[in-house]
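The values are calculated or read from the model by the stated rules, or taken from the named source; none is laboratory data. Every value quoted in this text rests on a predicted model; they were computed, and no experiment measured them. Cβ placement follows ideal geometry from the backbone for every residue including glycine, while neighbour counts extend to all protein chains displayed.
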Amino acid sequence: MERIAIYPGSFDPVTNGHMDIIKRGLALFDKIIVTILENPAKQTLFTVSERVDLLQESLKEADRIEIASYGGLLVDYAVQRNATAILRGMRAVSDFEYEFQMALMNRKLNREVQTVFLMTGLRWIFTSSSIIKEAVKFGGDIKTMVPPVVHAALKKKLNL
């Protein structure tokens, strides 16, 4: 049986921390479906289509990866895609409570879908999409924190 994981997130934008989790997740799973969760209530910088394009370009060298988007319950999507796991990255203790709560809720909704946590590499522990967007808006050099295509897209989107 193929081991498939869903790696969900907003990826607004994808960071090198996300890339680290994806690449390390490939050591555990046969396939990872990187899934942009659509949340109309959340204000994003990039559209879903733009985020799909940025992920595809950032991951073009990786095999066993699929990029998708979804707007419903994550565990339902996992079942639709024959995934047995949800892959999540954790940066710090502050992520733990929220991630633990979500994992328990997903487990309650469907006991067949497991949640697997990977600690973000120390190199990326301080990065998040929100912090990167804020830093670049104020002229911060984020070139080493995001894939090159994302760096260019951020500069273009923010007219920098």
Practice problem: Can you tell me which residue within the stretch 23-43, out of those that are aliphatic (A, V, I, L, M) and either out of contact with any helix residue (DSSP H, G or I) (no Cβ under 9 Å at 6 or more places or on another chain) or at pLDDT below 95 (or both), is surrounded by the fewest Cβ atoms within 10 Å (Cβ to Cβ)? | Solution: ALA41
Quiz item: Out of (1) assigned to a helix (DSSP H, G or I); (2) at pLDDT 95 or above; (3) not β-branched (Val, Ile, Thr), the odd one out for ALA103 is which?
Solution: (2)
Quiz item: Does PHE46 satisfy being of a type in the set (A, V, I, L, M, F, W, C), closer than 24 Å to ALA152 by Cβ and in contact with a helix residue (DSSP H, G or I) (Cβ under 8 Å, 6 or more places away or on another chain)?
Solution: yes
Exercise. Only residues that are outside any strand (DSSP E or B) and under 21 Å from ILE22 (Cα atoms): list them for the stretch 106-115, please.
Key: ASN106, VAL113
Exercise. Scan (1) crowded, with 17+ Cβ neighbours inside 10 Å; (2) under 19 Å from THR44 (Cβ atoms); (3) at pLDDT below 95 for the single condition ILE131 breaks and write down its number.
Key: (1)
Quiz item: Which residues, taken from the stretch 77-88, are out of contact with any Asp or Glu (no Cβ under 8 Å at 6 or more places or on another chain) and either touching a residue at least 12 places away in the same chain (Cβ under 8 Å) or over 21 Å from ASN39 (Cα atoms) (or both)?
Solution: TYR77, ALA78, ARG81, ALA83, ALA85, ILE86, LEU87
Practice problem: Being more than 14 Å from LEU45 (Cα to Cα) and either aliphatic (A, V, I, L, M) or surrounded by 21 or more Cβ atoms within 10 Å (Cβ to Cβ) (or both) is the filter here, so list the residues in the stretch 136-151 that pass it. | Solution: ILE142, MET145, VAL146, VAL149
